[in-house]
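Below is one structure, written out as structure tokens, with a few remarks after it.
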Amino acid sequence: MKHSGKKSAVDELKILLIGQCPRWSDVIEPGLAKLLPKFTFQSVPSALQALPEIETGRVIASVAFVLEATDEAPLAALLHDLQTRHLPIPMFVITAENDVYQRLRFFEWGAVDCLAWPLDLSRLAALIDVLSVRRRVTSGLSSARRPDSPQSGPAPNSSPNEEISQRTVAGFVFASRAMRDLYDHIKSAAESDTHVLLTGETGTGKSHVSKAIHDLSPRRKKPFVVVECGGLSPTLLESELFGHVRGAFTGADRDHVGKFAVVEDGTILLDEIDCVPLEAQAKLLRVFEERVYEPVGANRTARFRARVIAATNRPLDQLAAEGKFRSDLFFRLNVLEFCLPPLRECREAIGPLAENFLNLCCQHASRSIEGITFAALEAMLAYDWPGNIRELRNCIQRGVTLCRGDVLDVADLSEPIRRAAAKAGQDVPPAAQKPSRNELDSARQHGERHRILQALAKHDNNRTHVAKELGISRVALYKKLRKFGLFEAPA
């Protein structure tokens with residue numbers, strides 16, 4: 001047996017390489033080790049030696065190479081054993097020949113993906129990373145659904161698998177490597193009272209991260225207040241923040257308590273801080289420096305005791321250079337800056353985030369959907385998510401609304417995601433529609449296509465035997481093959 005990669009105290013998980021692949025040592029293993037540095041690698045000569053290693057509990061994924069037809073039976077037996085023993089280890093199969101029906105057989109036996117040579121290592125590494133995170137997040141999400149379970153951090157005596165799993169704080173899943181690094185930073189920052197500036201594209205979760213900072217801080221039992229600065233005029237913004245007294249301006253027929261008073265000594269999030277007008281920025285600077293403010297129309301001052309978190313999706317330094325944002329306020333806010341990565345740069349987070357949103361949406365809609373299919377996950381990985389985490393949440397919410405089965409599939413995803421999947425070469429079924437009088441017909445066609453695929457795989461593409469088993473003529477079978485996009489090889 002051969003080992004490679006660096007081990008640490010918490011990094012005992014490994015990827016199992018199965019079979020006699022001539023490129024394991026010089027191409028595949030070094031390439032995957034570079035792309036997946038947190039795992040070690042182990043080789044076994046055939047599928048017959050793989051099960052004892054998998055049963056140790058340290059294998060997070062397996063990659064099998066099928067060089068000859070004689071390699072199929074041992075691998076099929078291994079996939080059967082994994083299913084009967086309830087060992088959720090994702091199996092990726094690499095085949096020497098690009099045989100679509102061989103691939104279908106492996107899918108039927110339980111492989112999550114079947115890849116042809118030459119191999120796209122970056123795609124394989126991304127899928128392994130996603131599924132390994134999904135496996136490790138399952139127990140965390142299950143415990144997070146229980147009211148009495150802790151929401152952040154591993155247990156003091158946690159195992160290596162638990163220590164590297166993502167955290168869930170304030171409903172936000174820190175699932176990718178970049179997000180887990182962010183969690184470590186904000187956990188340290190939460191202990192202080194220093195101002196925090198959160199930057200990143202729209203939809204990257206800035207409001208959730210600010211709530212996580214509050215929940216991890218000593219102020220967690222105090223109020224957390226959000227002010228959306230973007231939709232308020234200068235007068236309304238000052239009134240919203242500072243409050244006003246009766247008669248301060250036209251329409252002020254009674255006193256109004258501002259958010260600076262409501263938050264007390266908790267945490268206040270100033271979202272879209274870049275939209276605050278220049279005249280109001282000067283007053284904010286005084287509040288942050290002197291820790292006092294005056295309600296609009298009042299001749300008295302009040303103490304400001306809250307911690308400030310500011311969020312923006314525009315570069316404040318560039319706005320300051322253009323004279324659109326006060327540079328002194330920028331430097332006052334920019335003590336600790338955390339830039340939230342876009343979802344396209346941490347695709348390994350898509351699976352865990354999607355499953356978390358699926359759970360929340362199912363609870364809200366009183367639906368029972370068991371999970372997300374691998375095909376749907378792969379389609380989501382092919383999409384760039386310009387709306388980031390917010391768009392992903394909306395996508396899952398839409399899917400839960402349209403889904404008519406027990407699992408969320410590609411047909412339940414939005415058209416932009418389906419187009420991206422088709423562009424990446426995936427087989428994209430027709431889109432799901434809202435419940436209608438044609439729903440039963442759509443379900444029947446989906447089941448018919450699946451049944452034909454089973455028969456093709458069973459009879460090795462012998463269409464005479466397939467037609468006989470299905471009880472239809474060869475002409476009728478050919479029409480259905482064309483209808484369902486299965487007419488790929490000559491009879």
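Identify, please: which residue in the stretch 54-82 is surrounded by fewer than 19 Cβ atoms within 10 Å (Cβ to Cβ) and of a type in the set (S, T, N, Q) and is, among those, farthest from the chain's Cα centre (by Cα)?
Thr70
Scan the stretch 372-383 and tell me whether some residue there is more than 19 Å from Ala126 (Cβ to Cβ), touching a residue at least 12 places away in the same chain (Cβ under 8 Å) and either out of contact with any strand residue (DSSP E or B) (no Cβ under 9 Å at 6 or more places or on another chain) or not acidic (Asp, Glu) (or both).
As a first pass, look at the stretch 372-383 and keep what is more than 19 Å from Ala126 (Cβ to Cβ): none.
No, the stretch 372-383 has no match at all.
I'm checking my understanding of the structure. Among residues of the stretch 328-367 that are in contact (Cβ under 8 Å) with a residue 12 or more places away in the chain and in a loop (DSSP other than H, G, I, E, B), which one is surrounded by the most Cβ atoms within 10 Å (Cβ to Cβ)?
Going through the qualifying residues, I end up with Leu340.
Just need a number here: residues in the stretch 297-312 that are open to solvent by 10 Å² or more (accessible area, probe 1.4 Å), assigned to a loop (DSSP other than H, G, I, E, B) and in contact (Cβ under 8 Å) with a residue 40 or more places away in the chain. So that I can check it myself, show each step before the final result.
So the first thing to find is which residues in the stretch 297-312 are open to solvent by 10 Å² or more (accessible area, probe 1.4 Å), and the list is 297-303, 305.
Within this subset, residues satisfying the condition of being assigned to a loop (DSSP other than H, G, I, E, B) are 297-301, 305.
Then drop every residue that is not in contact (Cβ under 8 Å) with a residue 40 or more places away in the chain, which leaves 297-298, 305.
Number satisfying all stated conditions: 3.
Kindly list the number of the only condition in (1) open to solvent by 50 Å² or more (accessible area, probe 1.4 Å); (2) touching a residue at least 12 places away in the same chain (Cβ under 8 Å); (3) farther than 27 Å from Ala111 by Cβ that fails for Gly387.
So the condition that Gly387 fails would be (1).
Before we move on, is Phe330 within 15 Å of the chain's Cα centre (by Cα), at pLDDT 85 or above and within 30 Å of Val263 (Cβ to Cβ)? Show your work before the answer.
Working: within 15 Å of the chain's Cα centre (by Cα): no; at pLDDT 85 or above: yes; within 30 Å of Val263 (Cβ to Cβ): yes.
No, not satisfied.
Do you know which of the residues in the stretch 56-84 that are β-branched (Val, Ile, Thr) and without any contact (Cβ under 8 Å) to a residue 12 or more places away in the chain is farthest from Thr95 (Cα to Cα)? Talk me through it step by step, then tell me what you get.
Of the stretch 56-84, the ones β-branched (Val, Ile, Thr) are 56, 59-60, 63, 66, 70, 84.
Narrowing further to those that are without any contact (Cβ under 8 Å) to a residue 12 or more places away in the chain: 56, 70, 84.
Working: Thr56: 27, Thr70: 12, Thr84: 24 Å.
In this case the residue turns out to be Thr56.
Can you confirm whether the stretch 276-283 contains a residue that is more than 22 Å from Arg167 (Cβ to Cβ) and within 35 Å of the chain's Cα centre (by Cα)?
Step one: list which residues in the stretch 276-283 are more than 22 Å from Arg167 (Cβ to Cβ), which gives 276-283.
When the remaining residues are screened for being within 35 Å of the chain's Cα centre (by Cα), the result is 276.
Yes: the stretch 276-283 contains one or more residues that are more than 22 Å from Arg167 (Cβ to Cβ) and within 35 Å of the chain's Cα centre (by Cα).
In a helix (DSSP H, G or I) and closer than 16 Å to Ile15 by Cβ, is that true of Glu53?
Details: in a helix (DSSP H, G or I): yes; closer than 16 Å to Ile15 by Cβ: yes.
It is true that Glu53 is in a helix (DSSP H, G or I) and closer than 16 Å to Ile15 by Cβ.
Count, please, the residues in the stretch 90-110 that happen to be free of Cβ contacts under 8 Å to residues at least 40 places away in the same chain and more than 11 Å from Ala457 (Cβ to Cβ).
Here the count works out to 9.
The conditions are (1) part of a loop (DSSP other than H, G, I, E, B); (2) open to solvent by 30 Å² or more (accessible area, probe 1.4 Å), and Phe325 fails exactly one of them. Which is it?
(2)
Can we say Ser188 is part of a helix (DSSP H, G or I), modelled with pLDDT of 90 or more and either open to solvent by 10 Å² or more (accessible area, probe 1.4 Å) or in contact with a Ser or Thr (Cβ under 8 Å, 6 or more places away or on another chain) (or both)?
Numbers: part of a helix (DSSP H, G or I): yes; modelled with pLDDT of 90 or more: no; either open to solvent by 10 Å² or more (accessible area, probe 1.4 Å) or in contact with a Ser or Thr (Cβ under 8 Å, 6 or more places away or on another chain) (or both): yes.
No: the conditions fail for Ser188.
Select from the stretch 19-32 the residues that are modelled with pLDDT of 80 or more and touching a Phe, Trp or Tyr at 6+ places or on another chain (Cβ under 6 Å) and list them in ascending order.
Gly19, Glu29
Can you name the residue in the stretch 68-79 that is over 16 Å from Gln49 (Cβ atoms) and not in a loop (DSSP other than H, G, I, E, B) and is also modelled with the lowest pLDDT among such residues?
Checked the stretch 68-79; the qualifying residue modelled with the lowest pLDDT is Ala69.
For the stretch 236-255: of the residues being crowded, with 17+ Cβ neighbours inside 10 Å and in contact with a helix residue (DSSP H, G or I) (Cβ under 9 Å, 6 or more places away or on another chain), which is modelled with the lowest pLDDT?
Ala248
Of (1) part of a helix (DSSP H, G or I); (2) crowded, with 19+ Cβ neighbours inside 10 Å; (3) not aromatic (Phe, Trp, Tyr), Leu198 satisfies all except one. Which?
Leu198 satisfies every listed condition except (1).
What's the total number of residues in the stretch 465-480 that are part of a helix (DSSP H, G or I), modelled with pLDDT of 80 or more and either open to solvent by less than 70 Å² (accessible area, probe 1.4 Å) or touching a Ser or Thr at 6+ places or on another chain (Cβ under 7 Å) (or both)? So that I can check it myself, show each step before the final result.
Of all residues in the stretch 465-480, those part of a helix (DSSP H, G or I) come to 465-470, 474-480.
Next, only the ones that are modelled with pLDDT of 80 or more stay: 465-470, 477.
Those left that are additionally either open to solvent by less than 70 Å² (accessible area, probe 1.4 Å) or touching a Ser or Thr at 6+ places or on another chain (Cβ under 7 Å) (or both): 466-467, 469-470, 477.
Looking only at that region, the number is 5.
Is at least one residue of the stretch 102-115 touching a His at 6+ places or on another chain (Cβ under 9 Å), farther than 17 Å from Glu53 by Cβ and part of a loop (DSSP other than H, G, I, E, B)?
The initial filter retains those residues of the stretch 102-115 that are touching a His at 6+ places or on another chain (Cβ under 9 Å), namely 109-110.
Filter once more, keeping what is farther than 17 Å from Glu53 by Cβ: 109-110.
Then keep just the ones that are part of a loop (DSSP other than H, G, I, E, B); that gives 110.
Scanning the stretch 102-115 turns up at least one residue that is touching a His at 6+ places or on another chain (Cβ under 9 Å), farther than 17 Å from Glu53 by Cβ and part of a loop (DSSP other than H, G, I, E, B).
Residues that are open to solvent by 50 Å² or more (accessible area, probe 1.4 Å) and closer than 21 Å to Leu360 by Cα: does the stretch 408-423 have at least one?
No, the stretch 408-423 has no match at all.
The values are calculated or read from the model by the stated rules, or taken from the named source; none is laboratory data. Bear in mind the structure is a predicted one, so any value in this text is a computation, not a measurement. No Cβ is skipped: glycine too gets one built from the backbone with ideal geometry, and neighbour counts run over all protein chains shown. With ligands, DNA and RNA removed, areas are computed over all heavy atoms of the protein, side chains included. Shrake-Rupley method; radii C 1.70, N 1.55, O 1.52, S 1.80 Å.
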